[in-house]
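These notes are about the structure you will find just below.
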């Protein structure tokens, strides 16, 4: 038992994981629940946050058009740098926050 913060996400509809620092919203109130031996369950309302934009594609060599492995870098609202590695020949999609 213990104290828990509750987050929601729905990747299929572009609602990102707010527990991830890249998508965190410092102004949002995160629902919390305390579970104890006397109160081992709770009912809590958890809502989806704001939708993110979706960036999709793959990284290719400009001369050959062949897909290549590459490091993509995104910057958060708090100016933290978050790296992502792409794999060759894989189409990627990333949820992006409005700045």
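The values are calculated or read from the model by the stated rules, or taken from the named source; none is laboratory data. All figures in this text were calculated on a predicted structure; none of them were measured in a lab. Note: ideal-geometry Cβ built from the backbone for every residue, glycine included; neighbour counts use all protein chains shown.
Just one of the listed residues (48, 55) is surrounded by 10 or more Cβ atoms within 10 Å (Cβ to Cβ), in a strand (DSSP E or B) and either at pLDDT below 85 or touching a strand residue (DSSP E or B) at 6+ places or on another chain (Cβ under 9 Å) (or both), namely 55. With respect to the stated conditions, residue 22 is under 15 Å from the mean Cα position of the chain (by Cα), surrounded by 12 or more Cβ atoms within 10 Å (Cβ to Cβ), at pLDDT below 85 and in a loop (DSSP other than H, G, I, E, B).
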